[in-house]
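Okay, so here's the structure we're looking at.
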Amino acid sequence: MKRIIACIGFSLLLGCNNNKEIKPETAMDAGRSFIRASLDGDFKTTETLLLKDSENSQLFESYKRTYSNLDETKKKEYKEASYNINKFEELNDSTTIINYSNSYMKKPMEIKLIRTEGNWLVDFKYTIAGNLPID
């Protein structure tokens, strides 16, 4: 009986742990997570990886509206798309640019990641405006 109770308790503990969000530890991890979640339309995940400021929030809300207005065929194409990292450039110890493309659009795009308070976050306004040159 004690074994059964211990197994149930252990299972519950593991089950609770599986729901815990895994925090990306590197710029590459955060970038990959953001790209995949964006393609999947997983706004809960993308928002956790977004640098919190008013301009980013406004641009991201606009992005979410645009995505939600896509027809289901396009959403499916994005979800099924793979992506390639074309270039990974560490500008300094707290700023990284990732140039990538996905198999649906086949257009190079960039995201800027900034490490703040130990977390790598996406500066979404850079994705829209491109505020740094990259070769």
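Say whether the condition of being closer than 23 Å to ASP29 by Cβ, surrounded by fewer than 16 Cβ atoms within 10 Å (Cβ to Cβ) and charged (D, E, K, R) is met by at least one residue in the range 101-111. So far as the range 101-111 goes, no, none of its residues is closer than 23 Å to ASP29 by Cβ, surrounded by fewer than 16 Cβ atoms within 10 Å (Cβ to Cβ) and charged (D, E, K, R). For the range 55-105, how many residues are modelled with pLDDT of 95 or more, of a type in the set (A, V, I, L, M) and within 18 Å of the chain's Cα centre (by Cα)? Of the residues in the range 55-105, 4 are modelled with pLDDT of 95 or more, of a type in the set (A, V, I, L, M) and within 18 Å of the chain's Cα centre (by Cα). Restricting the first member to the range 72-83 and to residues that are under 16 Å from TYR100 (Cβ atoms), and the second to residues that are surrounded by fewer than 15 Cβ atoms within 10 Å (Cβ to Cβ), the beta-carbon pairs closer than 6 Å and six or more apart or on different chains are ALA81/SER103; SER82/SER103. The combined condition, being assigned to a loop (DSSP other than H, G, I, E, B) and under 17 Å from the mean Cα position of the chain (by Cα), is fulfilled by LYS52. Of all the criteria given as (1) surrounded by 15 or more Cβ atoms within 10 Å (Cβ to Cβ); (2) touching a residue at least 40 places away in the same chain (Cβ under 8 Å), the one not satisfied by LYS52 is (1). Within the range 62-72, the set of residues being surrounded by 11 or more Cβ atoms within 10 Å (Cβ to Cβ) and either among the acidic types (Asp, Glu) or in contact with a Phe, Trp or Tyr (Cβ under 7 Å, 6 or more places away or on another chain) (or both) comprises LYS64 only.
So for the range 21-35 (the condition being surrounded by fewer than 10 Cβ atoms within 10 Å (Cβ to Cβ), closer than 15 Å to TYR126 by Cα, in contact (Cβ under 8 Å) with a residue 40 or more places away in the chain and not aromatic (Phe, Trp, Tyr)), does at least one residue qualify? No, the range 21-35 contains no residue that is surrounded by fewer than 10 Cβ atoms within 10 Å (Cβ to Cβ), closer than 15 Å to TYR126 by Cα, in contact (Cβ under 8 Å) with a residue 40 or more places away in the chain and not aromatic (Phe, Trp, Tyr). Residues in the range 112-128 that are more than 19 Å from THR26 (Cβ to Cβ) and touching a Gly at 6+ places or on another chain (Cβ under 7 Å): none.
The values are calculated or read from the model by the stated rules, or taken from the named source; none is laboratory data. Nothing here was measured: the structure is a model prediction, and the numbers come from that model. Note that each Cβ is placed from the backbone with ideal geometry, even for glycine, and that neighbours are counted across all protein chains shown.
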